[in-house]
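One structure below.
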Amino acid sequence: MPKLQRLAYALSAIFTVSALPLHAYAQTPKQRAPRVEDKTAPTVLMAEDISGRPEREIVLQRDAEVIKDKTKVKSDTACFRQVENEVQAEGDVKIWRFGDYFTGDELKLNLDSGQGYMLNPTYKLEANHAQGKAERINFINEDEAQVVNGTYSTCQSVTPDWYLRSDTLNLDSGRDVGTASKTLIYFKDVPILGTPALSFSLSGARRSGWLSPTPGFGSKNGPELVVPYYFNIAPNRDLTLYPKLIGNRGLQVGALARYMGETDGGLYRGETYVEVMPRDRAYAEANPDKKSDRWMVRSNHTQDITPDWAYSWNVRAASDDNYPNDFSKTVANSTERQLLRELRTDYHGDIWTLTARVQKYQVLQDPDSTTPVPRPYDRLPAVNFHAAQYDVAGGFDWAFDSELTRFYHPTLINGTRLVAIPQVSYPIIGPSYFITPKVMVNAATYSLDAYNTQSSENMSRAIPTFSLDSGLVFERDVTWRGKQMTQTLEPRLFYVYTPYRDQSRFPTFDTDAASFNFSQIFSENRFVGSDRIGDANQLTAALTSRFLDANGAEMLRLAFGQRFYFRDQQVQLDSSTPVVDSRSDILLAATGRISDTWTFDSAVQYNQADKSVVSQSYSAQWVPGAKKVLNLSYRYLRDSFKNVELSSQWPIFDRWYGVGRINYSMLTKKILESLVGLEYNADCWVFRTGAQRFVTTSTKQSTQIFFQLELNGLSHLGVGSPLEAMKSTIPGYQRLNDGYGR
């Protein structure tokens with residue numbers, strides 16, 4: 001057919017079809033709007049040979065094409081029925097619908113409703129690049145398709161490594177969900193899992209449904225099986241149920257609720273996790289005189305009532321002392337012994353903040369340790385007030401802090417304490433120097449309850465403090481490793497004078513000696529808390545040097561600091577024996593980025609009197625590329641611990657990656673925590689396996705093994721939770737299939 005004649009037929013078809021009446025679309029509340037953007041768009045017909053009856057039926061022969069808005073059909077032959085607005089195509093049929101691509105032997109499709117079918121089809125979905133083949137696809141509407149006796153996979157190859165085969169597979173892009181009945185999941189053409197029903201998200205977004213069962217095995221609890229169910233309640237709230245069968249103990253049920261949102265007053269967010277085991281068989285056998293019902297609760301919430309007023313809570317609770325030992329999956333959880341319950345509210349103005357809180361502790365003792373876990377004082381309640389202004393009355397800064405607290409302890413002295421701390425300073429700041437004199441007073445009054453043979457008592461004190469902080473900043477241009485940089489030299493002197501006041505009769509409700517570090521040596525008080533105000537006539541000298549690149553980023557920082565005492569330190573926590581040192585330990589620190597791949601951090605506390613190191617820590621991280629990280633650290637505290645830690649994620653060969661971590665105590669000659677694992681990253685799946693071992697008490701350890709096959713875009717199968725273990729224990733770990741998973 002001449003080109004001119006073909007063009008005439010095409011123009012005639014366009015005019016005829018576009019003049020036909022349109023079918024209205026009835027939208028129900030639960031139904032998304034159709035994906036056809038323009039129902040009035042004309043239908044374009046093209047072919048080598050076009051014939052038929054005008055305004056009734058148009059037959060397209062050889063290289064037939066039918067196009068309407070977002071739908072395009074190509075085939076050897078096609079018939080377009082204008083009244084029905086329907087196309088029927090045969091022979092090498094290809095169809096594009098909103099980015100999805102289908103091929104098959106025969107197609108029938110209504111361009112208005114989106115209904116139709118395709119025989120012997122293959123398909124590729126745009127949302128998640130999934131593909132499959134089937135005996136037949138029934139197009140329900142523009143959003144929904146039913147795959148009959150077909151397959152589904154997110155693998156891109158012609159022969160996918162994994163796929164699911166189902167009698168009936170419904171793909172609903174409008175609701176972003178796929179559902180399947182009588183399904184077998186194949187891996188390397190071997191069936192690995194069968195299920196009577198299956199549902200999943202087409203885009204990987206959150207949706208309600210059963211999550212993959214997660215078997216597990218631990219040396220303490222034996223085999224485990226978790227079958228979670230996820231409720232996607234709303235975009236800003238969800239709930240996950242965790243029924244868990246523990247071989248040596250029984251059935252445990254867990255629930256995690258998460259939420260966030262906004263009210264007229266402002267934002268709110270929180271989460272609550274609960275575990276309950278109605279009867280623990282192993283615990284009942286070991287402790288016949290105790291209740292075997294066991295549980296644990298973690299809950300936190302923050303909410304703005306008004307733009308200036310907020311409240312929050314933080315609750316931790318467990319049924320018994322052994323709960324962390326028996327059920328924890330990490331060292332951090334197994335060592336959590338002081339469980340805080342706190343309710344607080346905050347109200348603030350332009351220059352002030354008022355906080356009220358109630359704090360109470362549940363203390364879990366370690367049954368295998370002879371050293372008891374101390375119980376902190378409860379605050380029932382504590383009310384704090386803070387106000388401050390800067391650069392007022394010609395350059396002065398002032399602040400005022402006050403706290404009223406009722407302290408309670410079941411075995412120690414109880415009482416009420418009121419503290420007020422006014423302070424004023426006058427910063428003098430120049431281009432390369434600063435001088436800041438400051439005066440403050442720490443005043444406190446106590447109302448103590450009767451205790452043992454002591455009667456109730458009231459006492460008070462007021463202690464002034466003067467400090468003078470000063471420093472210089474020198475800069476020069478340097479070249480380091482071929483790069484132009486700026487080096488700074490920053491000497492700093494900090495003088496503090498606090499007269500001695502006898503405080504030995506005052507209780508220590510919330511006070512302890514502060515850790516000696518670079519932050520503490522520039523503070524006025526050597527104690528944390530308000531029950532002890534250290535007497536001082538001392539000078540802190542420090543020297544810092546920084547190397548800054550052209551963008552101002554810090555590449556290297558070196559620091560040195562020491563405190564010099566001009567008189568004995570008489571105020572102590574529990575002893576009246578003064579400390580007679582004339583100078584403190586020396587603090588040394590170095591941190592920075594050696595190159596684009598190396599970073600390090602180090603700190604040393606050195607005692608000159610006995611020429612020994614009190615504490616030291618060194619850490620280095622090497623990240624030469626993606627999925628490559630090596631961490632090495634060493635931590636030492638005299639008479640306490642001496643640990644070395646090594647962790648890494650590293651490609652071994654081809655697609656295999658090794659992960660590992662070891663935390664070793666050089667004092668006890670014991671491995672505190674270890675992890676070893678392997679990962680394999682394919683195009684559409686990841687395999688992980690390994691084992692983790694960590695201490696649960698001072699004498700006991702727990703070992704967990706895990707392996708997992710994660711099918712990208714579908715689910716994961718296996719034993720344990722290796723991904724969580726690797727992410728939480730290896731700094732810098734990167735997920736191999738980033739972008740997948742919930």
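How much length is gained if the chain between H409 and D105 is pulled fully straight, taking 0.36 nm per residue apart and subtracting their Cα-Cα distance, in nm to one decimal?
Result: 101.3 nm gained on full extension.
Dipole magnitude for the stretch 308-414: about 360 debye, using +1 per Lys or Arg Cβ and -1 per Asp or Glu Cβ, origin at the Cα centre. Within the stretch 76-118, the GluC sites (Glu not before Pro) that combine a DSSP coil assignment with at most 15 other C-beta atoms in a 10 angstrom radius are E84. Judged by a Cβ-Cβ distance under 4.7 Å, the unpaired cysteines of the chain are C79.
Roll a 1.4 angstrom probe over the protein heavy atoms and tell me the percent of accessible area of the stretch 176-225 that is carbon or sulfur. Walk me through the numbers before you get to the answer.
Numbers: 1630 of 2500 Å².
Carbon-and-sulfur percentage of accessible area, whole number: 65.
Dimensions of the stretch 374-452 along the principal axes, based on C-alpha atoms and rounded to the nearest Å, stand at 59, 25, 17, largest first.
Multiplying the sequence separation of D350 and A317 by 0.36 nm and subtracting their Cα-Cα distance, what value in nm do you get?
Working it through step by step, the gained length comes to 8.2 nm.
When the C-alpha to C-alpha distance is required to be over 26 Å, the pairs from K360/K700; K291/K700; K244/K727; K483/K727; K124/K188; K72/K133 that qualify are K360/K700; K483/K727. Taken one residue at a time, the phi angles of the stretch 58-67 give Karplus couplings (6.51, -1.76, 1.60, θ = phi - 60°) of 10, 9, 10, 10, 6, 6, 6, 9, 10, 10 Hz. Gly and Pro are set to x. Helix 3-18 and the longest principal axis of the C-alpha atoms of the chain enclose an angle of approximately 70°. Tell me the net charge near L543. Cut-off is 11 Å between Cβ atoms, L543 excluded, with +1 for each Lys or Arg and -1 for each Asp or Glu. Surrounding charge for L543 is 0. Expressed in Å, the radius of gyration and Dmax of the Cα atoms of the chain are 35.6, 117.
Taking every C-alpha pair closer than 8 Å and separated by at least 6 residues, the mean separation divided by the residue count of the chain gives a relative contact order of 5 percent. Each Lys and Arg adds +1 at its Cβ and each Asp and Glu adds -1 at its Cβ; summed about the Cα centre, the chain shows a dipole of about 1240 debye. Length available on full extension from Q365 to V441: 0.36 nm per residue minus the Cα-Cα distance, which gives 23.4 nm.
What is the dipole size for the stretch 193-326, taken about its Cα centre, with +1 at each Lys and Arg Cβ and -1 at each Asp and Glu Cβ, in debye to the nearest 20? Its charge dipole is roughly 420 debye. Placing unit charges on the Cβ atoms of the charged side chains and taking the dipole of the stretch 116-197 about its Cα centre, the candidate lying farthest along the positive direction among N170, N138, V190 is V190. If you model the stretch 260-337 as an ellipsoid using its alpha carbon gyration tensor, with each semi-axis the square root of five times an eigenvalue, the axes come out at 36, 12, 9 Å, biggest first.
The values are calculated or read from the model by the stated rules, or taken from the named source; none is laboratory data. Remember, predicted model here, so these are calculated numbers, not experimental data. Cβ atoms come from the backbone with ideal geometry, glycine included; neighbour counts cover every protein chain shown. Calculation scope for accessible area: heavy atoms of the full protein, side chains included, ligands and nucleic acids excluded. Shrake-Rupley method; radii C 1.70, N 1.55, O 1.52, S 1.80 Å.
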